[in-house]
Amino acid sequence: MALLEILEFPDPRLRTKAQVVTEFDAALKTLVEDMFETMYAAPGIGLAATQVNVHRRLLVIDVSEEKDQPLVFINPEVTIVDPDTAEYDEGCLSVPGFYETVARPQHINVTAQDSSGKTFSVQPEGLLAVCIQHEIDHLDGKLFVDYLSALKRTRIRRKLEKQHRLDAG
Ligand code: QAP
Ligand code: CO
């Protein structure tokens with residue numbers, strides 16, 4: 001098991017479009033384990049491979065209170081069942097310290113593969129539906145700050161750049 005480094009906005013590597021996973025091998029299982037360890041340690045409720053600088057289409061999520069319901073989505077595809085949206089205050093491990101309201105479709109279908117390559121579909125609702133869409137955006141190089149005004153996004157970018165300079169010493 002290993003903790004992975006999480007890239008932070010505005011790191012340009014977060015803009016990379018992830019490639020389809022084709023090998024359901026031991027290396028993939030290790031990556032999934034390391035992503036869960038990294039997400040739980042943060043602590044967070046979702047983590048996409050893009051955020052740990054692995055540009056493959058997989059993400060891990062656990063929105064449960066007890067942190068005992070790990071979910072893995074490999075090569076996930078979302079279809080919108082009903083276009084009506086709901087607002088949620090979103091954060092992101094790659095945008096630490098900032099939470100903003102984002103509207104997303106609330107009735108979706110997600111088809112994905114599990115760690116052994118088996119295809120499954122779910123119709124998530126509530127926080128899980130929000131989180132899956134947020135994480136799939138990462139795989140396409142998109143961040144929740146992209147849904148905000150340019151002014152808000154620039155303010156967040158400047159504050160994080162300042163924090164990164166302080167961290168660097
Ligand atoms: C995505 O985000 C998400 O700012 C997952 O200082 C979040 O796990 C989807 C975190 C909310 C829907 C709603 C954020 C940890 C964790 C921070 C996360 C922070 C420490 C974010
Ligand atoms: Co995120």
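The values are calculated or read from the model by the stated rules, or taken from the named source; none is laboratory data. Small disclaimer: the values here were computed from a predicted structure and weren't measured. Cβ: placed from backbone, ideal geometry, glycine included. Neighbour counts: every protein chain shown.
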Original post:
Before we move on, is F120 of a type in the set (F, W, Y), modelled with pLDDT of 95 or more and either out of contact with any strand residue (DSSP E or B) (no Cβ under 7 Å at 6 or more places or on another chain) or assigned to a helix (DSSP H, G or I) (or both)?
Top reply: no
Original post:
Which ones in the stretch 100-127 are within 16 Å of ligand 2 (Cβ to nearest atom) and free of Cβ contacts under 8 Å to residues at least 60 places away in the same chain?
Top reply: E100, T101, V102, R104
Subject >> Meets criteria (more than 17 Å from the chain's Cα centre (by Cα), within 16 Å of ligand 2 (Cβ to nearest atom) and not charged (D, E, K, R)) for I156 >> reply: yes
Subject >> All positions within the stretch 45-94 that are of a type in the set (V, I, T), in contact with an Asp or Glu (Cβ under 7 Å, 6 or more places away or on another chain) and either surrounded by fewer than 16 Cβ atoms within 10 Å (Cβ to Cβ) or touching a residue at least 60 places away in the same chain (Cβ under 8 Å) (or both) >> reply: I45, I61
Original post:
If you take the residues of the stretch 45-62 that are of a type outside the set (V, I, T), closer than 17 Å to V95 by Cα and outside any strand (DSSP E or B), which of them is nearest to ligand 2 (Cβ to nearest atom)?
Top reply: Q51
Original post:
Restricting attention to the stretch 12-44, and to residues there that are under 15 Å from the mean Cα position of the chain (by Cα) and in contact (Cβ under 8 Å) with a residue 60 or more places away in the chain, which single residue is nearest to ligand 2 (Cβ to nearest atom)?
Top reply: L14
Original post:
On the given criteria, is I74 hydrophobic (A, V, I, L, M, F, W, C) and either over 16 Å from the mean Cα position of the chain (by Cα) or within 12 Å of ligand 1 (Cβ to nearest atom) (or both)?
Top reply: no
**OP:** Would you mind stating whether G97 is modelled with pLDDT of 95 or more, under 26 Å from P12 (Cβ atoms) and more than 12 Å from ligand 2 (Cβ to nearest atom)?
**Re:** yes
**OP:** Only residues that are under 16 Å from S115 (Cα atoms) and not in a helix (DSSP H, G or I): list them for the stretch 20-43, please.
**Re:** V20, V21, T22, E23, F24, D25
**OP:** Only residues that are polar (S, T, N, Q) and in contact with an Asp or Glu (Cβ under 9 Å, 6 or more places away or on another chain): list them for the stretch 95-142, please.
**Re:** T101, Q106, N109, T111
